[in-house]
1. When the Kirkwood radius is taken over all Cα pairs of the chain, what Stokes-Einstein diffusion coefficient follows at 10 °C and 1.306 mPa s, in µm²/s?
2. When a footprinting reagent is the concern and you count Cβ atoms within 10 Å, what order do K131, K60 take, fewest first?
3. Determine the sum of side-chain charges near M144: Lys and Arg each +1, Asp and Glu each -1, restricted to other residues whose C-beta is under 11 angstrom from that of M144.
4. Could you check which residue among D138, D96, D160 shows the biggest mean-square fluctuation in a GNM of the chain with a 10 Å Cα cutoff?
5. In whole Hz, what ³J(HN,Hα) sequence does region 161-169 give by Karplus (6.51, -1.76, 1.60; θ = phi - 60°), x for Gly and Pro?
6. Under 8 Å for C-alpha pairs, at least 6 residues apart: give me the relative contact order for the chain, rounded to a whole percent.
7. Each residue of region 93-109 in order: what ³J(HN,Hα) in whole Hz does its phi give by Karplus 6.51 cos²θ - 1.76 cosθ + 1.60, θ = phi - 60°, with x for Gly and Pro?
8. Kirkwood Rh and Cα-based Rg: tell me the resulting Rg over Rh for region 23-71, rounded to two decimals.
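Every number in this text was worked out from the coordinates using simple rules, so none of it is lab data. Model, not experiment: these values are computed from the prediction. Positions of Cβ are backbone-derived with ideal geometry, glycine not excepted, and every protein chain shown enters the neighbour counts.
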Amino acid sequence: MNAETKRRVAACAAGFALPRYADLPQVGLYLDQTVQYVNGYFRTFCGVELTPSMVSNYVKKGILPHPVRKKYSREQLASLLYIAVSKTVLSMENIDILFKMQREHYSAGEAYDTFCNELEACLPVVFGYQKAAPLPTDVNDERMLLRSTILAAANKMYLDCCFDALRQEENLWADILPDLV
């Protein structure tokens, strides 16, 4: 990769931040609004997105509670933000298992904020503009599984950004070369 391509890859994750649980909308959002809200946070990452049919399937499979009067709550938004990331590396069955483990030990807000903190700490390391901090070894199984999921997803996000940037670089040269000949 040339320097410009590397810069574009690093820019995918630069400044990435998710809203904390207390900052998620308190009013319910309709399905299309919910999908738009979640996807808005991941627009720089290929493959980290939801569709209305995906959300409906999560509800049908019992992974996500049914919306109340067709509106999705703050807790459901938090779950969907997590699902958008983890679905890139976990099956829905494993996501559901991890949800159940988290719910046994943490409130929805605590679990979601922990997810945000872990993802935001992991992305700069994986994208190469921050050195890795030592990981605490005294964490419970739920936290370790969450961290492993996020690390796998962050690596997938990085690879997807790299390949997307390489394709753009290749397309740029394909457009320029005929003009030079």
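1. Details: Rh = 17.7 Å.
Roughly 90 µm²/s, to the nearest whole number.
2. Details: K131 7, K60 10.
Ordered by Cβ neighbours within 10 Å, fewest first: K131, K60.
3. On the way: positive: R143, R147; negative: E118, D138, D141, E142.
Within the 11 Å Cβ shell, the charges total -2.
4. D138
5. 5, 4, 5, 5, 5, 5, 5, 5, 4
6. Details: 155 pairs, mean separation 57.1, N = 181.
Answer for the chain is 32 percent.
7. 4, 6, 4, 4, 4, 5, 4, 4, 4, 5, 5, 5, 10, 9, 6, 4, x
8. Details: Rg = 11.3 Å, Rh = 11.6 Å.
Result: Rg/Rh = 0.97.
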